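The values are calculated or read from the model by the stated rules, or taken from the named source; none is laboratory data. Note that the structure is predicted; figures quoted are calculated from it, not measured. Glycine gets a Cβ as well: all are built from the backbone with ideal geometry, and neighbour counts include every protein chain shown.
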Amino acid sequence: MDRCVVLVDAGYLLGAAASLLAGEPARSRITVDHAALIQGLRERAEADTQQPLLRIYWFDGAPDRVPQPEHRRLRVMPRVTVRLGALTRSDGRWAQKGVDAAMHAELTELARNRACSDIVLVTGDGDLLPGLMSAKEHGVAVHLWAVQAADGDYNQSEDLVAEADERRVLDRVWITRAVRAKEYGGNCAPPPAPRPEIAAILSAPLPESALAAQAEAQARETAARADAQAAARNGDSAPAAPSRNGSQAPAAGTVKGVPTPKDLAGLRGPGSHPAPHPQHPQTPPPAGATLRWSSDRGWVERPGGSSVGEPPETASLPTLAQLTSAEQRWADREEDITTVGGDPFEVGQVFARRWMERLPEPGHTQKLSTMYPRIPHRIDGELLRYAARFGLLAHKDDQIDEHDRYAIRAGFWREIDVRAAAEHATASSD
């Protein structure tokens, strides 16, 4: 077939571009216009091979192979196919798994089936050498493209360079048509600026019962340390083994940071046992406990000191799925793919905007605004499931990133506040 195919190792292409433009291979240091990049690859491939393009294959890694926002945008572009390998973290560094094998399999399969006359490889990995040689044996011309190296040297396998039929270097001028370095004041990227909405939730004071429990736990820890030191001086064994950092293990029921529903249910203290909730007889809430994020299994402070679960005024709030038609669902998916960037705060805003626009009764927004900072459980669960489409809730360093959850909910509340304020102004003017 007289046509060309482009196989792109995204880790190599974008990592080398980051080294060239930002001085280090971290892809977080660059901003990529993927539409312009794909168009540039297509035009260069057709010009170099003198053949029309059949397809561009984009090979990249992703945590748990969950498509990230950039992958979602790429795979709906014309003549683009995305192939994902795993992205794993080892010794503090991210590494792709399965990407080279997928590229090798695609390369040999295209050549064996004579699907094209020319193949363009954008990679530097010598592991593709057997696939390159196999393609040549099947009569396919192999073009090897490199990204200009920051130090002027090779950033590709020399064996790969030696075996390629044609070689091209994508220089700085070509790269900067679609890729640019992020502007920072120093050599290293600064930490992201905290959003006021998230900071307000995180800095909220803990419930009195939580503070009392912490103080009690610290007192027990101090006493235990004193006993251990006395026992050591007398030659006796210590009563409690210290943890690896030299401190005693925290006592059960201690709350650190913002309490979760589990923390609140586990807190116990003198005078902190109100009558059990009828739906949760085994987990009575501590007095004055305020839930800092959503769950109808937890407890929140109410006027008059009563603690309840899902309040009647919000139990009837419809979910976004109940308010969305099939046509709207299709339009939502298109918007997610093409325009929603995947920032946690932005994701929360988009969800809230859709939900409020489709509410049949404007009064629902005012009801919800009185619940801040708690989102009704059904809506909150739907919000987090929506965010999971963007890979925001994937495991990072074997832990769920709670800051993303706060950012998602803060974006949700920002939209709620804006709409509630607008409705209140409209009502006042009438």
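Laid out as a table, the results:
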quantity	calculated
Odd one out for Ala16 among (1) under 21 Å from Arg112 (Cβ atoms); (2) in contact (Cβ under 8 Å) with a residue 40 or more places away in the chain; (3) not hydroxyl-bearing (Ser, Thr, Tyr)	(1)
Search result, residues across the stretch 330-344 that are over 20 Å from the mean Cα position of the chain (by Cα) and surrounded by 12 or more Cβ atoms within 10 Å (Cβ to Cβ)	Ala331
Test result for Arg42, touching a Gly at 6+ places or on another chain (Cβ under 9 Å) and either free of Cβ contacts under 8 Å to residues at least 40 places away in the same chain or among the charged types (D, E, K, R) (or both)	no
Pick from the stretch 80-94, criterion loosely packed, with under 15 Cβ neighbours inside 10 Å and among the charged types (D, E, K, R), ranking: farthest from Val169 (Cα to Cα)	Asp91
Test for Ala26: is it more than 25 Å from Lys182 (Cβ to Cβ) and assigned by TED's automatic domain parsing to the domain that holds Gln156	no
Test: residue in the stretch 116-124 that is in a helix (DSSP H, G or I), surrounded by fewer than 19 Cβ atoms within 10 Å (Cβ to Cβ) and in contact with a helix residue (DSSP H, G or I) (Cβ under 8 Å, 6 or more places away or on another chain)	no
Candidate set from the stretch 345-391 (those that are aromatic (Phe, Trp, Tyr) and crowded, with 18+ Cβ neighbours inside 10 Å); member that is nearest to Leu323 (Cα to Cα)	Trp355
Only one of Ala111, Ala105 that is aliphatic (A, V, I, L, M), surrounded by fewer than 14 Cβ atoms within 10 Å (Cβ to Cβ), at negative phi and part of a helix (DSSP H, G or I)	Ala105
Selection within the stretch 170-179 - loosely packed, with under 13 Cβ neighbours inside 10 Å and either not in a loop (DSSP other than H, G, I, E, B) or not assigned by TED's automatic domain parsing to the domain that holds Arg42 (or both)	Val173
Residue identified as in the same structural domain as Leu14 (by TED's automatic domain parsing), at negative phi and free of Cβ contacts under 8 Å to residues at least 12 places away in the same chain among Arg93, Arg89	Arg93
Candidate set: the stretch 392-414, residues that are of a type in the set (D, E, K, R) and at pLDDT below 80; chosen: the one surrounded by the most Cβ atoms within 10 Å (Cβ to Cβ)	Asp404
Qualifying residue in the stretch 368-376 (condition: in the same structural domain as Val418 (by TED's automatic domain parsing), part of a helix (DSSP H, G or I), modelled with pLDDT under 75 and more than 12 Å from the chain's Cα centre (by Cα))	no
